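These notes are about the structure you will find just below.
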Amino acid sequence: MSLPTYEFDAVIIGAGGAGMRAALALAQSGYKTALVSKVFPTRSHTVSAQGGITCAVGNTHEDDWRWHMYDTVKGSDYIGDQASIEYMCKTGPECVYELEHMGLPFSRLDNGKIYQRPFGGQSKNFGGEQAARTCAAADRTGHALLHTLYQQNLQAKTHVFSEWYAIDLVKASDDSGFAGVMVMSIETGELAFMSARAIIFATGGAGRIFQSTTNAHINTGDGVGMIARAGLVLQDMEMWQFHPTGIAGAGCLVTEGCRGEGGYLINKDGERFMERYAPHAKDLASRDVVARAMALEMRAGNGFAPNGIDHVKLKLDHLGADIIKSRLPGIRELSMTFAGVDPIYEPIPVVPTCHYMMGGIPTNVHGQVITKDTNNQDKIVDGLYAAGECACVSVHGANRLGGNSLLDLVVFGRASGLHVQEQLNSYLPRKNASEADLEAAMSRHQRWMTDKNGEHVSDIRAEMQKIMQSDFGVFRTGEFMEEGVEKLKTLVERMKHATIDDHSKVFNTSLVEAMEAENLLVTAMATAVSALHRTESRGAHSREDFPKRDDENWLVHSTYQQENHVMGTREVNRAPKFIEPFEPKERVY
Amino acid sequence: MSDLTKKVHFKIYRYNPDVDQAPYMKDYHIDVPADRDIMLLNALFLIKNEDDGFGYRRSCAEGVCGSDGMNINGRNGLACITPLSSLKEPIVVRPLPGFPVIRDLVVDMDQFYKQYEKIKPYLQNSNPAPAQERLQSPKARLKLDGLYECILCACCSSSCPSFWWNPEKFIGPAGLLQAYRFLADSRDDHTEERLAELQDPFSVFRCRGIMNCVDVCPKGLNPTRAIGKIRSLLLQEAL
């Protein structure tokens, strides 16, 4: 077999915030590093993040990383790993200053420091008054962050494989782990084996398993799919965040920063209904709380279009044109384009919309991927790392706080890069792959390129999205989820025989979409089985048949393995290094 | 929402180097929802569902990632924020002009990215970074508005005749907008070096001020104004 082989010390898959921050950490190391991305780096989904990056730099009031940690643990509904959350909140300021030094054009306060705005679930002094902790570049923080990181990678001369698609991990022939990854140049259709001593997954989310999502089309769970097929464990896959404010009908995100700046939600009677659901935090309660309140309002007939695309509205007009134009210019643009509404004069129609995958590939604070050994004990997979949305380190637990995802990206992207460097210094041998290992890793590509006359992938994908939307949304019940799981199982069978018409090589987007759809289906299946398994309500996972949180049985991570859909549990880390752990309490906002 | 549909006529540029001798325009009559507007990108999905050999780039679908720049009824724009209702039939869609076509609506943007890289699009400051942030007044920060928002979609450079003629030598509107973004940043102290690298007759001075770039920018940015400011700085340097 004449398969081109590239030898690298480290390969990073995905060039969003996490992947590019990891690449930067490795750039100065002298180790040969490749950054592989299925899109040109600045097209990655980090670009769509709006409101900001949360950390306790204390520019508008006295602040403390411990307060940020308290909020994050509470926000996670107590299944976030406290050692990870501590690391993120404590390292956060350093990482944000680094971004500023790199040139990120943060908005500024009058004294020249980085502007910070209030976001949901933020408090001073362990649950006290509302804090303003989210550092922002207007409402385009993700764009500013992603472009800054790309620019830094240009300066560092990172070796970028732009528009290359990662197909699957390649097993090591001695069964000791992974030898590298099978990749395809989208432009030419050529396959290649990237041999690597370390691999970092930074493949992002998979919101496209739902019909309505704020996520880009490229968010297809490619990392999740590769990990599942490699026989490794996934964690907390039932935990999906529904962002309260997606534009009704279109799905585009409207930042929580709108409410941070003083906007609020109203029902058809003009009532500021969040006052009833969260008397203290109101519209700045945690996202899961606000999304549920909105769903209940609409269920009670208080939405604006009960017979159409029902929605409530986000009122901003009282903020005045100046604030909207200076702090929320991107929102105004999106709202005018996708809702036909100028928020300076009229409220924006919004609905809870799938936004973020809290679960993913379990890792420790260094980003090292964790799986289970035959005795069901945690086992580190040498040389394999994950960071960002695809990882479950787990700083978000059952519900992520706004502004914590960009922080997660840079903190753990950097941590992974640094740890890979350390490990490359001490050991991490290059592993060999046999012909059979290589063939296994290209098998799904080969199948799509040869099979003919089957069912179209797009039909299966559409059915999957419909099932996920109706049976695994904001509210879930066992009965519907059981049906949903069965339906997904039939889709998995159908997918095995689905085909594409186009078998040409050059920039074959149908082929890429087919391989992406396989990953989406793996992610959907993991989500569905995990959601059915967790018989309680916690964070974003709300079951009508089990409406209470059940700490006795479920203060744990759930784990999922693809083969036979085996569920299990992992302990939540409650051993931070520098302070006492936060004990679970009733979660009130 | 009802299932009412109407037929819309598209003419789409097609070329697959694996199978086609030459590019051609292909007609599609596609059913689109009749009771609501959709974006051109949504219509392209519908076309792809019928004809899976059709290729184009897309990612965020909300006008911030810059993937789906294309030529729509003769004008460059992003498919994802172009409402179908704003377009006359037949809707003619071609790849961005001036770039080599890889396949269908997918163009080779290497030359465009190279020009961007040429202006050293990263903050340069010779002083060691402080322990906290570098300070910048709101007024100084305001100078970056209208510059940093560029999404590198290439709608501007691909509508610029000067860029068509001299893609290797003229930086083009997108690259120059970013050149000015760093010149304007109070935290960057490499102004002289940056200007020195732009002084040749092509990099900046090939701009003829016809403002096609301003006309098509989907983010409402104004590269011509930025180029004017670079020219003034170059002139000041020369005096």
Amide N of the range A:345-369 lying under 14 Å from the label point, which is placed 7 angstrom from the Cα of A:L418 along Cα→Cβ:
A:365-368
Loss of accessible area when B meets A, both sides summed, Å² nearest 100, probe 1.4 Å:
4900 Å²
From other protein chains only, count the Cβ atoms within 10 Å of every residue's Cβ in A:96-107, then give the mean.
6
Taking all protein chains as present, what is the carbon and sulfur share of the accessible area of the range B:5-107, in % to the nearest whole number, probe 1.4 Å?
50 percent
In deg cm²/dmol, rounded to the nearest 500, the helical mean residue ellipticity at 222 nm of chain A, built from -39500 (n - 2.57) for every DSSP H run of length 4 or more, is -11000 deg cm²/dmol
Counting Lys +1, Arg +1, Asp -1, Glu -1, what net charge surrounds B:G209 among other residues with beta carbon under 15 Å of its beta carbon?
+4
At a Förster distance of 22 Å, what's the computed FRET efficiency of A:E586 paired with A:T535, Cβ-Cβ distance as r, to 0.05?
0.70
So how long is each side of the range A:66-138 along the principal axes, counting just the alpha-carbon atoms, biggest first, in Å?
35, 25, 17
Would you please put A:134-140, B:13-19 in order of how densely packed they are, using the mean number of other Cβ atoms within 10 angstrom per residue and starting with the highest?
A:134-140, B:13-19
Under a Gaussian network model of chain B whose springs join Cα atoms within less than 10 Å, the largest fluctuation of B:A184, B:A22, B:A140 belongs to B:A22
Can you figure out the FRET efficiency of A:I380 with A:E129, using R₀ = 41 Å and their beta-carbon distance, to the nearest 0.05?
0.50
Taking the alpha-carbon centre of each part, the distance from the range A:365-405 to the range A:221-291 in Å is 22 Å
So what is the relative contact order of chain A, in percent, for Cα pairs below 8 Å that sit 6 or more residues apart?
22 percent
Ratio of the Cα radius of gyration of the range B:1-104 to 2.2 N^0.38 Å, where N counts its residues:
1.05
Rounded to one decimal in nm, the spacing of the 7 Å Cα→Cβ label points at A:K487 and A:S470 is 0.4 nm
Calculate, in nm to one decimal, what A:V566 and A:E479 gain on full extension: separation in residues at 0.36 nm each, minus their alpha carbon distance.
29.3 nm
What accessible area per residue comes out for chain B, rounded to a whole number of Å², with a 1.4 Å probe?
44 Å²
Taking the Cα atoms of the range B:110-238 alone, what are Rg (to one decimal) and Dmax (as a whole number) in Å?
14.5, 47
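Can you put B:D110, A:D110, A:D322, A:D408 in order of accessible area, largest first, using a 1.4 Å probe?
Working: B:D110 85, A:D110 145, A:D322 125, A:D408 5 Å².
Ranking B:D110, A:D110, A:D322, A:D408 by accessible area, largest first, yields A:D110, A:D322, B:D110, A:D408.
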Relative contact order %, the range B:110-238, counting alpha carbon pairs below 8 Å whose residues are six or more apart
32 percent
Counting only other chains, what is the mean number of Cβ atoms within 10 angstrom of the Cβ of each residue in peptide A:380-393?
0
Could you list which residues have their amide H under 5 Å from that of A:D168, counting only those 5 or more apart in sequence or on another chain, with H placed in the peptide plane?
A:M182
Might you report the magnitude of the Cβ-based charge dipole of the range B:46-119 about its Cα centre, with Lys and Arg at +1 and Asp and Glu at -1, to the nearest 20 debye?
260 debye
Looking only at lysines whose Cα falls under 30 Å of A:K548's and that sit 8 or more positions away or on another chain, we get A:K74, A:K124, A:K268, A:K282, A:K313, A:K372, A:K466, A:K487, A:K489, A:K585
Within chain B, helix-based [θ] at 222 nm, where runs of 4 or more DSSP H residues each add -39,500 (n - 2.57), nearest 500
-8000 deg cm²/dmol
With +1 on the Cβ of every Lys and Arg and -1 on the Cβ of every Asp and Glu, the dipole magnitude of the protein assembly as shown about its Cα centre, in debye rounded to the nearest 20, is 1840 debye
Other chains near B:11-24: what is the mean number of their Cβ atoms within 10 Å of each residue's Cβ?
2
Kindly report the accessible area of the range A:356-472 per residue (heavy atoms of protein chains, probe 1.4 Å, no ligands, DNA or RNA), in Å².
35 Å²
Mean separation of Cα contacts under 8 Å (6+ apart) over length of the range A:309-460, as relative contact order %
16 percent
Positive-end extreme of charge dipole, the range B:110-238 - chosen from B:L195, B:P173, B:N222 (charges on Cβ):
B:N222
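Rounded, prolate or oblate, given the Cα gyration tensor of the protein assembly as shown, with a/c below 1.5 counting as rounded?
In terms of gyration-tensor shape, rounded.
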What is the Cα centroid distance between the range A:174-208 and the range A:419-436, reported in whole angstrom?
14 Å
Strictly under 4.7 angstrom between C-beta atoms: which cysteines of chain B have no such partner?
B:C80, B:C150, B:C153, B:C155, B:C160, B:C207, B:C217
Sorting B:R206, A:R292 by accessible area (1.4 Å probe), largest first, what list results?
B:R206, A:R292
Linear extension gain, A:E435 paired with A:Y31, 0.36 nm per residue minus alpha-carbon span
142.8 nm
Between rounded, prolate and oblate, where does the range B:133-196 land on the alpha carbon gyration tensor, with a ≥ b ≥ c its root eigenvalues, rounded for a/c under 1.5, else prolate if a/b exceeds b/c?
oblate
Label-point separation (nm) for B:N49 and B:K139, each offset 7 Å from Cα along Cα-to-Cβ?
5.6 nm
Reachable lysines, given that their alpha-carbon falls under 27 Å from the alpha-carbon of B:K120 and they are not under 8 places away in the same chain
A:K32, A:K38, A:K113, A:K157, B:K139, B:K143, B:K169, B:K219, B:K229
Expected unfolding gain across A:Q446-A:E94 under the 0.36 nm per residue rule, minus the alpha-carbon gap, is 122.1 nm
A correct Karplus calculation of ³J(HN,Hα) over the range A:526-534, with 6.51 cos²θ - 1.76 cosθ + 1.60, θ = phi - 60°, whole Hz and x for Gly and Pro, returns 4, 4, 5, 5, 5, 5, 5, 6, 7
Where labels lie 7 Å past Cα in the beta-carbon direction, separation of B:T5 and B:E168 in nm:
4.9 nm
Let me know the Rg and Dmax you get for chain B when you use only its Cα atoms, in Å.
20.6, 68
Tell me, what is the FRET efficiency for A:D459 and A:E544 to the nearest 0.05, using R0 = 30 angstrom and their Cβ-Cβ distance as r?
0.50
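The values are calculated or read from the model by the stated rules, or taken from the named source; none is laboratory data. Remember, predicted model here, so these are calculated numbers, not experimental data. FYI the Cβ positions are ideal-geometry reconstructions off the backbone, even for glycines, and counts take in every protein chain you see. To get the accessible areas, we keep the full protein, side chains included, count just its heavy atoms, and leave off ligands, DNA and RNA. Shrake-Rupley method; radii C 1.70, N 1.55, O 1.52, S 1.80 Å.
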